[in-house]
Amino acid sequence: MDKALEALERLKAGNHRYVTEVRAPDSYTFRARRAAVAVRQEPFAIILGCSDSRAPAEIVFDQGLGDLFVIRVAGNIVAPSQIGSVEFAVHEFNTQLVVVLGHSDCGAVHATLDALKDHSEAPSPNIGSIVSRIRPSVEALLESDLKNNSEELMNQAVRSNIRASVNSLHRGSDILKPLISNGELLVVGAEYSLETGIVDFFEGIPAVSSK
């Protein structure tokens, strides 16, 4: 767990640098770094994030080549290929921290809410597969008082979807499950604010770790 907590603090420090516009000199792509990681990679964290062009993990956490193992998919959903990618990184590199990184005003979440409200179908079966994975995490919100507050509905839906992805990683892998139970792997959820640049770690954070 110590290694995972150190990785978490490293991400928090990197995000602080990004927000305050004080970049670490070693986060840039230098020739020596390229040569080093060409031989071997040792990513200290796995980021399962959204494909949104405004939320690139390496930039928002101020990290360089070889630092992060990044999996990006619209809506930061968890399907078998994403679980397999996490399993691969954990197995190959002994990475002990996984962050599900969603972001404010997520288009995939927005599209899911619209589809549910309008009872409409996705433009294609492939997009529909993304909507269908987000749907269970946001459907109940539309049956609450939030349906009358579109801004707060969106805010809560984004976080609910992140929590669902964290839970899917906890439940969906015979490789990850025992590591999580034994404290050898930490899976947390976080939301990146498109407006402020701040990453808020809010799900699965151990009490010993500062927010």
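None of the figures in this text is laboratory data; all of them are computed from the coordinates on show. Quick caveat: nothing in here was measured; it's all calculated off a predicted structure. With ideal geometry, Cβ positions are generated from the backbone for all residues, glycine too; neighbour counts draw on all protein chains shown.
A few notes on this one:
- Taking first residues from region 113-139 that are farther than 26 Å from Val166 by Cβ and partners that are surrounded by fewer than 18 Cβ atoms within 10 Å (Cβ to Cβ), the Cβ contacts under 8 Å between residues at least 6 apart in sequence or on separate chains come to Ser120/Asp114; Glu121/Gly128.
Matching residues to (1) of a type in the set (S, T, N, Q); (2) more than 27 Å from Ile198 (Cα to Cα); (3) touching a Cys at 6+ places or on another chain (Cβ under 8 Å):
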site: Asp62; (1), (2), (3): no, no, no
site: Val70; (1), (2), (3): no, no, no
site: Gly75; (1), (2), (3): no, no, yes
site: Pro80; (1), (2), (3): no, yes, no
site: His110; (1), (2), (3): no, no, no
site: Leu116; (1), (2), (3): no, yes, no
site: Ile127; (1), (2), (3): no, yes, no
site: Ser137; (1), (2), (3): yes, no, no
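Rundown of residues vs (1) in a helix (DSSP H, G or I); (2) surrounded by 12 or more Cβ atoms within 10 Å (Cβ to Cβ); (3) aromatic (Phe, Trp, Tyr); (4) out of contact with any Asp or Glu (no Cβ under 8 Å at 6 or more places or on another chain), yes/no style:
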residue	(1), (2), (3), (4)
Ile127	yes, yes, no, yes
Val131	yes, yes, no, yes
Leu141	yes, yes, no, yes
Glu151	yes, no, no, yes
Ser160	yes, yes, no, yes
Val166	yes, yes, no, no
Lys177	yes, yes, no, yes
Gly189	no, yes, no, no
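- In region 65-85, residue surrounded by the fewest Cβ atoms within 10 Å (Cβ to Cβ) [restricted to those that are of a type in the set (A, V, I, L, M), touching a strand residue (DSSP E or B) at 6+ places or on another chain (Cβ under 8 Å) and more than 15 Å from Gln41 (Cα to Cα)]: Val73
- Within region 13-54, being in a loop (DSSP other than H, G, I, E, B) and out of contact with any helix residue (DSSP H, G or I) (no Cβ under 9 Å at 6 or more places or on another chain) holds for Glu21, Tyr28, Thr29, Phe30, Arg40, Ser53, Arg54.
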